[in-house]
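Below is one structure, written out as structure tokens, with a few remarks after it.
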Amino acid sequence: MDSKLDFLSSIAWWGWLLIVLLIVAIRDIFFQKSHTISHNFPIVGHLRYWLESIGPEMRQYFVANNREELPFNRIERGWIYASAKKENNYEGFGTDRDIYAHQHIFINNAMMPYKLPENHPHTVDHCFLPCAKVMGEFNKRKRPYRPASVINVSAMSFGSLSAKAVESLNKGVKIAGAYHNTGEGGLSPHHSHGGDVVFHFGTGYFGVRAKDGGFSMEKMVKLVNENPFIRAIEVKLSQGAKPGKGGVLPGAKITEEIAAIRGVEVGKDVLSPPNHKAFSNVPEMVDFIEKIAEATGLPVGIKAAIGKLDQWKELADIMKATGKGPDFITVDGGEGGTGAAPPSFADHVSLPWVYGFSDLYKLFKDKGLSERIVFIGSGKLGFPAKAAMAFAMGADCLNVAREAMMSIGCIQAQICHTNRCPAGIATQKKWTQNGINVPLKSERLAQYFKTFRKEFIEITHAAGYEHPCQFKMSDIEINVDDHNLSKQLSRTYKYEKSPVPFKGMQHLKDCMYLGGN
């Protein structure tokens, strides 16, 4: 035995390296049958797979230029990071954008900017920017709600995001005076740190799920009564990442905590079907919305990606005839978002936000319904110039998901669906979650929102307005082709936005429904 140990100890480090490589080569050639490259090129073939695995990071840091990457380029990410950290987010030496590129946005500034009067709310708080409309006001809900911020956290579930990420977002929206959409995974303790919450559910009815997998009104009423910080309820019809497709939550990701929150079994795959059990057509959906609103007293809205308009026309007709229907509509862009989806869905199913929103808004405006609905935009709109375009088109609020994730440390690794998020945000792994400093990250989310609102207000004032709800279609131009480089939004999308009733920022500040008061 001693002689064997002496022999093994006499082998140099490079000898052990050769032995390991020999074992790998034997395994590649004689045992593994899955990978042709490593079979034909043992040892060296592994280098190809390793380089492929870090390809996105290599391109992100060394290959792509500042404006080239998708879904968010380096300049966009850098602006969010700097804004969240309260660092210098300015650019020097002029823009490096191709301002003649298709879809480039131009904001028409006024000859003389809006001048703040004495004692204006912005002289006290330069970030104060609430929604100009009140959710549930038209339908006379018992608990109307005016969002205290025009930018808010979009639907992202606990389960998809880690506990510390959700906690950071909720504490951040409390500091920023915004709201936090729960996503369809249900209301968790991590959503319950003082921020306003919009409870969101989809076809799985997680958190309000009956034993048969359907919707439980009893659980909904109990949830709202026990959690007064829930300010509104959102019913998901579809999402931009995969409209018309259900999802599967693998049993391996379902911990005891997630199972308790979602009302499902530990370790068992859970299917979210494409269709709702609670309704099967538009009239039934309107009745469903009204029943929830009556039982809870809260504003109720719907979220969807936009494609065919037939059923939306039916909804508009019912709303016009009955005076009933959703208090708000969240339009999700077909660009996709935080939800994992097959490329065929993410790339091709449903319209991008600008096309989907313009089609839908025009439909409701033509029916005389646009003023009673709060329109929420969701789809890469977390930048002040894009927000100005969205408001000029008729949006009243914005929801951001990936931008919010980046403000708390997301590096756009694009592996959210693998449970291997290196930033600890889109994973249930405890080790990587431990890297999230909740107090610090919540401050950064809040600072991003405050910086966004500050710059958005400054752009609004530059255009001669007090609040972005006053933006008109004619205030924004967009590049459309070579022979006519830019068109006003009204000429591009063929409608004029309805005027939003606005009595001044002080009126919004004094609103009894502001921030769920």
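The values are calculated or read from the model by the stated rules, or taken from the named source; none is laboratory data. Note that the coordinates shown come from a computational prediction; the quantities given were computed from them, not determined experimentally. In this analysis, Cβ positions are derived from the backbone assuming ideal geometry, glycine residues included, and neighbour counts consider all displayed protein chains. Protein only, heavy atoms only, side chains kept; ligands, DNA and RNA dropped before computing areas. Shrake-Rupley method; radii C 1.70, N 1.55, O 1.52, S 1.80 Å.
Key figures
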{"item": "Unmet criterion (only one of (1) without any contact (Cβ under 8 Å) to a residue 40 or more places away in the chain; (2) assigned to a helix (DSSP H, G or I)) for C410", "result": "(2)"}
{"item": "Subset of the stretch 172-189 (residues that are modelled with pLDDT under 95, out of contact with any helix residue (DSSP H, G or I) (no Cβ under 7 Å at 6 or more places or on another chain) and either in a loop (DSSP other than H, G, I, E, B) or of a type in the set (G, A, S) (or both))", "result": "G183, E184"}
{"item": "Subset of the stretch 357-402 (residues that are of a type in the set (D, E) and more than 18 Å from the chain's Cα centre (by Cα))", "result": "D359, D366, E371"}
{"item": "In the stretch 493-517, residue nearest to the chain's Cα centre (by Cα) [restricted to those that are of a type in the set (A, V, I, L, M) and in a loop (DSSP other than H, G, I, E, B)]", "result": "V500"}
{"item": "Yes/no for A395 being in contact with a helix residue (DSSP H, G or I) (Cβ under 6 Å, 6 or more places away or on another chain), of a type in the set (A, V, I, L, M) and surrounded by 24 or more Cβ atoms within 10 Å (Cβ to Cβ)", "result": "no"}
{"item": "Residues that are within 13 Å of F288 (Cβ to Cβ) and open to solvent by 40 Å² or more (accessible area, probe 1.4 Å), drawn from the stretch 216-240", "result": "M217, L237"}
{"item": "Lone qualifier among I29, I23, I43 - being at pLDDT 75 or above, out of contact with any Lys or Arg (no Cβ under 6 Å at 6 or more places or on another chain), loosely packed, with under 12 Cβ neighbours inside 10 Å and farther than 30 Å from G379 by Cα", "result": "I23"}
{"item": "Condition broken by R402, with the remaining ones in (1) among the charged types (D, E, K, R); (2) closer than 30 Å to V500 by Cβ; (3) modelled with pLDDT of 95 or more satisfied", "result": "(3)"}
{"item": "Selection count, the stretch 82-106, where residues are open to solvent by 50 Å² or more (accessible area, probe 1.4 Å), of a type in the set (A, V, I, L, M, F, W, C) and either touching a helix residue (DSSP H, G or I) at 6+ places or on another chain (Cβ under 6 Å) or at pLDDT below 90 (or both)", "result": "2"}
{"item": "Residue match in the stretch 280-287 (condition: closer than 15 Å to V235 by Cα and among the acidic types (D, E))", "result": "yes"}
{"item": "Failed condition for G435, given (1) open to solvent by 50 Å² or more (accessible area, probe 1.4 Å); (2) in contact with a strand residue (DSSP E or B) (Cβ under 7 Å, 6 or more places away or on another chain); (3) of a type in the set (G, A, S)", "result": "(2)"}
{"item": "Selected residue (only one of L223, L237, L169 is touching a Phe, Trp or Tyr at 6+ places or on another chain (Cβ under 8 Å) and either at pLDDT 90 or above or more than 26 Å from G334 (Cα to Cα) (or both))", "result": "L223"}
{"item": "Some residue of the stretch 277-284 being surrounded by fewer than 22 Cβ atoms within 10 Å (Cβ to Cβ), of a type in the set (S, T, Y) and under 21 Å from the mean Cα position of the chain (by Cα)", "result": "no"}
{"item": "Matching residues, the stretch 187-215, being surrounded by fewer than 19 Cβ atoms within 10 Å (Cβ to Cβ) and either over 28 Å from E137 (Cβ atoms) or among the acidic types (D, E) (or both)", "result": "P189, A210, K211, D212, G213, G214"}
{"item": "Complete set of residues in the stretch 306-323 that are surrounded by 14 or more Cβ atoms within 10 Å (Cβ to Cβ) and either part of a loop (DSSP other than H, G, I, E, B) or among the aromatic types (F, W, Y) (or both)", "result": "I306, G307, L309, W312"}
{"item": "Residues that are open to solvent by less than 10 Å² (accessible area, probe 1.4 Å) and on the phi > 0 side of the Ramachandran plot, drawn from the stretch 165-186", "result": "G183, G186"}
{"item": "All positions within the stretch 75-85 that are in contact with an Asp or Glu (Cβ under 9 Å, 6 or more places away or on another chain) and either among the aliphatic types (A, V, I, L, M) or part of a loop (DSSP other than H, G, I, E, B) (or both)", "result": "I75, I80, A84"}
{"item": "Answer residue from the stretch 260-308, given it is small (G, A, S) and touching a helix residue (DSSP H, G or I) at 6+ places or on another chain (Cβ under 6 Å) and is nearest to D359 (Cα to Cα) among those", "result": "A278"}
{"item": "Yes/no for K503 being of a type outside the set (A, V, I, L, M), modelled with pLDDT of 85 or more, touching a Pro at 6+ places or on another chain (Cβ under 8 Å) and surrounded by fewer than 17 Cβ atoms within 10 Å (Cβ to Cβ)", "result": "no"}
{"item": "Per-region count, the stretch 261-273, residues under 26 Å from the mean Cα position of the chain (by Cα) and loosely packed, with under 15 Cβ neighbours inside 10 Å", "result": "3"}
{"item": "For I292: the one exception among (1) under 22 Å from the mean Cα position of the chain (by Cα); (2) open to solvent by less than 10 Å² (accessible area, probe 1.4 Å)", "result": "(1)"}
{"item": "Filter result for I408 (under 18 Å from the mean Cα position of the chain (by Cα) and either open to solvent by 40 Å² or more (accessible area, probe 1.4 Å) or closer than 30 Å to K86 by Cβ (or both))", "result": "yes"}
{"item": "Inter-residue pairs, beta-carbon under 6 Å, first under 18 Å from E137 (Cα atoms) and in contact (Cβ under 8 Å) with a residue 60 or more places away in the chain and in the stretch 487-511, second part of a helix (DSSP H, G or I) and among the polar types (S, T, N, Q), 6+ apart", "result": "S498/S370"}
